[in-house]
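J.: Take this structure, written in structure tokens, and hold onto it; I'll ask about it next.
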Amino acid sequence: MTTLNPAKKNTVSGRKRAVNILVHLLLALLAFIWVMPIVWIVLTSFRAEPGSYVNTFFPQSYTLKNYVKLFTDRNVLNFPKMFGNTLIIAICSCCISTFFVLSVSYSLSRMRFKLRKPYMNMAMILGLFPGFMAMVAQYYILKAMGFTEGSMIRLALIIVYSATTGLGFQISKGYFDTIPRSIDEAAIMDGATQWEVFTRITMPLSKPIIIYTVMTSFIAPWVDFIFARVICRANADQFTVAIGLWNMLQKEYINQWYTCFAAGAVVISIPIAILFLFMQRFYVEGMSGAVKG
Amino acid sequence: MAANKTGSKNSVLTAVKNGDLWTRLSMILMGAGLFGHGQKIKGAIVFVFEAAFIFYMLATGFHALAMLPGLGSVEAGEVYNEAKGIYEYSAGDNSLLLLLYGVVTLFVIAAFIVLWVLQMKQSYKCQKNLEEGKHVNSFKEDVQSLFNNNLHITLMTLPVLGILIFNIVPLVFMICMAFTTYSKEDNHLMLFDWNGLTQFGRVLNMGGNIGRQFWGVLAWTVIWAIFATFLNYILGMILALIINRKDTKGKGFWRFCFVLSIAVPQFVSLMIMNTMLQPYGAVNVLLQNLGWISKPIPFWQDATLARITIIVINLWVGIPYTLLQITGILQNIPAELYEAARMDGAGPVTIFFKITLPYMLFVTTPYLITSFVGNINNFNVIYLLSQGGPTYVGDTAGQTDLLVTWLYKLTIDFQYYNIGAVIGILTFIVLTVVTLVTYRNSGSYKNEEAFM
Amino acid sequence: MATVTLKHIQKIYPNAPDEKKKKKKKNDEDEAPHRTYHLKVTDEGVIAVDDFNLEIKDKEFIVLVGPSGCGKSTTLRMVAGLEDITRGELYIDDQLMNDVDPKDRDIAMVFQNYALYPHMSVRQNMEFPLKLRKMSKEMIDEKVNEAAEILGITQYLNRKPKALSGGQRQRVAIGRAIVREPRVLLMDEPLSNLDAKLRNQMRAEIIKLRQRINTTFIYVTHDQTEAMTLGDRIVIMKDGEIQQIGTPQEVFNKPRNLFVAGFIGMPQMNLYDGELVREGDKYSVRVADALIALSEEKNAALLANDVQPQPVTVGARPEHISLEEVPGAMIEGTVDVSEMMGSSIHLHVNACGKDSIIIVPTLDLKEQNLDSGAKIRFTFTSSAVHVFDKDGLNLEYK
């Protein structure tokens, strides 16, 4: 039919081309909307004019001063100190969380014990409570333990970020579930204890999910400011990066610090963005692994 | 499970009934049964726990329990400490701490009872094994089994303790608050009392001020969650389909553009959005410079506009997530399905509604539920964008407040702890109902192994 | 190197819904997806294996065979220690093994899907069991090299399992199992992931392997050919129960019941509705109009059991049907399909309302029309007729 009617074929492909152009235009527009705020913040971080309210969209002149101020001004908002605090907290809580998450996921995926189902149901129910409903109480428990004063605040934050991570086992359990059971059984027949199966078989086979877990738990302290604010209260020398950035936008600081906020945002976004782009594969794998039919 | 439970009950009873001297002795002297039946070290450890428990109960436990019903009565002086920004209290009863200690003590007692039951069962089992000439594990073997067949105990003890101390105890503690007068209202921050379901009555009573706000916030929360979840889902899926079209060029590039916005920490991008949409923020400036508008658009000042803005910005935040998650699944749809449909003469729209959408819905129901729950609890988006505002005078809840952000304000800003706790419990109930109804009906729940 | 004794072994899966599902799923993966099971269900749960008794001699090669869901894999896994034994006793070399950990049983196992450790090279895979036993480096090297030699995988020792073909992976899996010289070697359908040609080749290699290593074998398969070629003795199972234990010869020639008769032998035994007729001390079977006298031996067996005349199912293997004319004993049929196999012709014949298969050797084939549509007459070799009662039991061995 088509060979007999070349004219019709032309109109079909013409329509197709029009659709294609439209689609690409639409995508370009959407991509612009998505990328613009990010571009804008990067531009703002290099903006020479201070203050938050300006009457031009693009900066008039560019400077690196915002970054310099961010890392040298230790008087008002001590960003380098906050950066250090957050780094320490992130490293510690990352180690603990990773251990917790992997331990719990492995146990739930591989071991069969009486409390397995109850535990999973409990995790689901606890997940339905608003996350920080327990926050105030956590604060008082930490206070009773004496962790809410001075440098103990860091310990308190580490605990807050890592203590309950045993509930977030779903993605890594999903991953462990995809490792064939018979490999474990082979190892058991070969004379391995469960511990040896865990450390010498399952762990080496689970690099993607280990990386994923390490990264998510490492990132958490950088981007949380709810818990950090409640725990730190007014202890400025214990602030984390997120509180610092939040404060930069408060009334008393915003005029002086707005462009520094932009710089700070860029500074912590870049490593996180790199980590994220690196691990999005695992994220997708974890997700589609968890829901594949 | 039911069988197990009755089994365990029986074995404690039988342990008491048929136990020998050692086993019965361990009813009072915990660990005696284990000690007497050859597990000396384990028995000693159990006994140390009992001693510690008794010491704790004598030192603070009994006092804490005794104070729990009354929550203290001695008035105290209250001084505001400017430097620390918190209230400091001179001596007197602190109902909050009394409540906390009471709750903790209840948990300690519960743990002790569990330990008691376990050691009873174990010592009876040891006794039986000895009688039947079976092997009784030595301490070394017990430790070895912690790395073999009982590995889950080793691995999960610490995580479970963490959850218990920093999630369950605090939750119970907060839930208790809902039944007290603990609030800044009438100055009950120091000393408060149990007052039953009064606060629930206040919150649920549509006539009262709090009740009116509650139903308003609840309605907006549900509307928000539905919009946020399904708009993100559908639009994200359409975007994924457009990018995955055979004829779309530069798939990787487009995906990168959208995924980039996830890579920026959410609180950063939301705060940026917040400032950009201020009356003199970048967007208004841009539009005014272009001459499209004469005065700034009140993105955050008008209730309806603020709600729409939040939903739209949430699209900006959420669509890339959907895109990321759905791309993988889309590629998993068997190509034969599409080919068969095309052979049957189905157009792109039909294919979307008859094949893609049903398939996706089937596969992603758990994801939809999670994201619905996540949206009801979506603190970040609301608090960072509008902080719940605009707020009418005399209200504690703003027009865009969700239950969670209201809860946060009530506890942290206003210190109406009891009402906050009530809101938390009600949020939980809403979520439980939604989740259970959808979850139970979804195919994916019915077979856990299908996830594998 | 070891005897294995199973006494009244029983396996019950408790009725917990997830356990049942798991079991069902595993079977689905194994073999035929649409099969209904007739496993017994009691208050305790589903009985997967019931009253399993078997004494395995030292260095014997035992094959457990049966359709999917018959409990053969479960039995094997109980011997391995991967499943708990609900009831009964398992002895290895007279030592009670019920509560012994798998690692202390000195047993090795080869899995259907090989279960090689993907992150380890072939050498590391084979070293793993020895390392766990804290053997010295020299000993490990020596043993691994020796096992690799036996299996002809020396040149692959440094590769990862990913880079190997199915047959090579199976060799590695076997290597990993034999390297520590276990008392008992268990194999769970080791060949069913291979294609037909490789399967035949590996089967031969297992026979060779067996001659080189001194160990007791327990081998699970659903393929009766494998069972016949490999086993010293075969255990045929169905629905969790043993149907017959015997040498390949015994189970082929003396099937205890209809199930065994139908399961063993390829093509399957032909079965006809018939009648057992007794005249004095002489037994014969009537199928359609034909009256076929039983051989001396069978006659004696029936006589010893004092079997009464009754309706029976008569079984005859395709190889044991002849076209030789025996007066009064001929059954008539029509050829549906005729398959030339070279050494023989497989005739699909419609007779007595049933499809039968007849194997006719071509060597001294008479001139006769055997094309489809042809009418033929056949009879059973009287020494190879099997007579089953209405419960499916072989009347000779009742």
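J.: State whether the residues of segment A:104-124 include one that is among the basic types (K, R), assigned to a helix (DSSP H, G or I), assigned by TED's automatic domain parsing to the domain that holds A:M203 and in contact with a His (Cβ under 9 Å, 6 or more places away or on another chain).
T.: Checked against the condition, which is being among the basic types (K, R), assigned to a helix (DSSP H, G or I), assigned by TED's automatic domain parsing to the domain that holds A:M203 and in contact with a His (Cβ under 9 Å, 6 or more places away or on another chain), segment A:104-124 yields at least one hit.
J.: Whether any residue in segment C:119-140 is surrounded by 15 or more Cβ atoms within 10 Å (Cβ to Cβ), within 28 Å of C:I153 (Cβ to Cβ), in contact with an Asp or Glu (Cβ under 6 Å, 6 or more places away or on another chain) and away from every other protein chain (no Cβ under 11 Å) is what I want to check.
T.: Within segment C:119-140, one or more residues are surrounded by 15 or more Cβ atoms within 10 Å (Cβ to Cβ), within 28 Å of C:I153 (Cβ to Cβ), in contact with an Asp or Glu (Cβ under 6 Å, 6 or more places away or on another chain) and away from every other protein chain (no Cβ under 11 Å).
J.: Has segment B:190-200 got at least one residue that is over 30 Å from the mean Cα position of the chain (by Cα) and open to solvent by 50 Å² or more (accessible area, probe 1.4 Å)?
T.: Within segment B:190-200, not a single residue is over 30 Å from the mean Cα position of the chain (by Cα) and open to solvent by 50 Å² or more (accessible area, probe 1.4 Å).
J.: Additional query: Return the residues of segment B:147-180 that are closer than 25 Å to A:A144 by Cα, among the hydroxyl-bearing types (S, T, Y) and open to solvent by 30 Å² or more (accessible area, probe 1.4 Å); say none if nothing qualifies.
T.: Within segment B:147-180, B:T157 is the sole residue that qualifies.
J.: Do any helices (runs of 4 or more DSSP H) entirely within segment B:131-233 hold 1 or more residues that are within 14 Å of chain A (Cβ to nearest Cβ), and if so, which?
T.: Passing ranges, in order: B:139-145, B:151-163, B:169-177.
J.: Consider C:R377 against the criteria (1) surrounded by 15 or more Cβ atoms within 10 Å (Cβ to Cβ); (2) of a type in the set (D, E, K, R); (3) under 27 Å from C:E250 (Cβ atoms): it satisfies all of them except one. Which criterion is unmet?
T.: Answer for C:R377: the failing condition is (3).
J.: Taking C:E297, is it at pLDDT 90 or above, assigned by TED's automatic domain parsing to the domain that holds C:H386 and surrounded by fewer than 17 Cβ atoms within 10 Å (Cβ to Cβ)?
T.: Taking the combined requirement at face value, the residue does not satisfy it.
J.: Would segment C:91-100 turn up any residue that is among the aromatic types (F, W, Y) and either at the interface with chain A (Cβ under 9 Å from one of its Cβ atoms) or open to solvent by less than 20 Å² (accessible area, probe 1.4 Å) (or both)?
T.: no
J.: Mind checking which pairs have a first residue in segment B:210-237 that is within 15 Å of B:V434 (Cβ to Cβ) and a second that is not in a helix (DSSP H, G or I), Cβ under 6 Å, 6 or more apart or different chains?
T.: B:T221/B:L402
J.: Have a look at C:V235, C:V260 and point out the one that is of a type in the set (A, V, I, L, M), in contact (Cβ under 8 Å) with a residue 24 or more places away in the chain and either closer than 20 Å to C:A196 by Cβ or not in a helix (DSSP H, G or I) (or both).
T.: Testing whether each residue is of a type in the set (A, V, I, L, M), in contact (Cβ under 8 Å) with a residue 24 or more places away in the chain and either closer than 20 Å to C:A196 by Cβ or not in a helix (DSSP H, G or I) (or both) leaves just C:V235.
J.: Go through segment B:373-393 and report how many residues are among the small types (G, A, S), surrounded by fewer than 22 Cβ atoms within 10 Å (Cβ to Cβ) and closer than 18 Å to B:Q266 by Cβ.
T.: The number of residues fulfilling the criteria is 1.
J.: Here is a follow-up. Inspect segment A:5-12 for any residue being modelled with pLDDT under 75 and aliphatic (A, V, I, L, M) and give the result as yes or no.
T.: Within segment A:5-12, one or more residues are modelled with pLDDT under 75 and aliphatic (A, V, I, L, M).
J.: Every residue in segment C:295-319 that is under 23 Å from C:F263 (Cα atoms) and touching a strand residue (DSSP E or B) at 6+ places or on another chain (Cβ under 6 Å), please.
T.: C:P311, C:V312, C:T313, C:V314, C:G315, C:A316, C:P318, C:E319
J.: Here's a follow-up. Quick test of your reading of the structure: B:T304 fulfils all but one of (1) among the hydroxyl-bearing types (S, T, Y); (2) in contact with a helix residue (DSSP H, G or I) (Cβ under 9 Å, 6 or more places away or on another chain); (3) not in a loop (DSSP other than H, G, I, E, B). Name the failing condition by number.
T.: (2)
J.: Taking C:S165 as the residue in question, decide whether it is within 15 Å of C:Q112 (Cβ to Cβ) and either surrounded by fewer than 18 Cβ atoms within 10 Å (Cβ to Cβ) or modelled with pLDDT of 90 or more (or both).
T.: For C:S165, the condition - within 15 Å of C:Q112 (Cβ to Cβ) and either surrounded by fewer than 18 Cβ atoms within 10 Å (Cβ to Cβ) or modelled with pLDDT of 90 or more (or both) - is not met.
J.: With respect to A:I270, is the statement that it is assigned to a helix (DSSP H, G or I), among the aliphatic types (A, V, I, L, M), in contact (Cβ under 8 Å) with a residue 60 or more places away in the chain and surrounded by fewer than 17 Cβ atoms within 10 Å (Cβ to Cβ) true?
T.: no
J.: Hey, can you tell me all the residues within segment A:137-160 that are at the interface with another protein chain (Cβ under 10 Å from one of its Cβ atoms), open to solvent by 10 Å² or more (accessible area, probe 1.4 Å) and in a helix (DSSP H, G or I)?
T.: Scanning segment A:137-160 gives A:Q138, A:Y139, A:Y140, A:I141, A:K143, A:A144, A:I159, A:V160.
J.: Another question about this same structure. Looking only at segment A:73-106, count how many residues are at pLDDT below 85 and either farther than 30 Å from A:M152 by Cβ or touching a helix residue (DSSP H, G or I) at 6+ places or on another chain (Cβ under 8 Å) (or both).
T.: Within segment A:73-106, residues that are at pLDDT below 85 and either farther than 30 Å from A:M152 by Cβ or touching a helix residue (DSSP H, G or I) at 6+ places or on another chain (Cβ under 8 Å) (or both) number 4.
J.: Provide a single number: the residues in segment A:207-248 that are of a type in the set (D, E, K, R) and crowded, with 19+ Cβ neighbours inside 10 Å.
T.: 1
J.: Restrict the check to segment C:103-112 and report whether at least one residue is surrounded by 20 or more Cβ atoms within 10 Å (Cβ to Cβ), under 22 Å from C:M202 (Cα atoms) and at pLDDT below 90.
T.: Yes; the residues of segment C:103-112 include at least one that is surrounded by 20 or more Cβ atoms within 10 Å (Cβ to Cβ), under 22 Å from C:M202 (Cα atoms) and at pLDDT below 90.
J.: Quick one: in segment B:91-124, of everything that is open to solvent by 30 Å² or more (accessible area, probe 1.4 Å) and within 11 Å of chain A (Cβ to nearest Cβ), which residue is farthest from B:G36 (Cα to Cα)?
T.: Only one residue tops the list, namely B:N94.
J.: Sticking with this one: Quick check on A:A134: is it over 18 Å from A:N235 (Cα atoms) and within 13 Å of another protein chain (Cβ to nearest Cβ)?
T.: Against the criterion (over 18 Å from A:N235 (Cα atoms) and within 13 Å of another protein chain (Cβ to nearest Cβ)), A:A134 qualifies.
J.: If you don't mind, another one. If I filter segment B:22-47 down to residues being charged (D, E, K, R) and touching a residue at least 24 places away in the same chain (Cβ under 8 Å), which single residue comes out as least open to solvent (accessible area, probe 1.4 Å)?
T.: The qualifying residue least open to solvent (accessible area, probe 1.4 Å) is B:K42.
J.: Does segment B:290-339 hold any residues that are within 13 Å of chain A (Cβ to nearest Cβ), β-branched (V, I, T) and open to solvent by 30 Å² or more (accessible area, probe 1.4 Å), and which are they?
T.: Listed by number, the list holds a single entry, B:V312.
J.: Still on this structure, I have one more. What are the residues in segment B:250-282 that are at the interface with another protein chain (Cβ under 7 Å from one of its Cβ atoms) and surrounded by fewer than 16 Cβ atoms within 10 Å (Cβ to Cβ), if any?
T.: Residues satisfying the conditions are B:Q266, B:Y280.
J.: Residue under question is A:F32, and the condition is that it be within 22 Å of B:N289 (Cα to Cα), in a helix (DSSP H, G or I), more than 23 Å from the chain's Cα centre (by Cα) and free of Cβ contacts under 8 Å to residues at least 60 places away in the same chain; does it hold?
T.: Taking the combined requirement at face value, the residue satisfies it.
J.: Given the options B:T370, B:T396, B:T365, B:T350, name the one that is more than 23 Å from A:L128 (Cβ to Cβ), among the β-branched types (V, I, T) and open to solvent by 30 Å² or more (accessible area, probe 1.4 Å).
T.: None of the other options fit; the residue is B:T350.
The values are calculated or read from the model by the stated rules, or taken from the named source; none is laboratory data. Quantities reported herein were computed from a predicted structural model and do not represent experimental measurements. Ideal geometry is used to build each Cβ from the backbone, glycine not excepted, and the neighbour counts take in all protein chains shown. Accessible surface areas use protein heavy atoms only, side chains included; no ligands, DNA or RNA. Shrake-Rupley method; radii C 1.70, N 1.55, O 1.52, S 1.80 Å.
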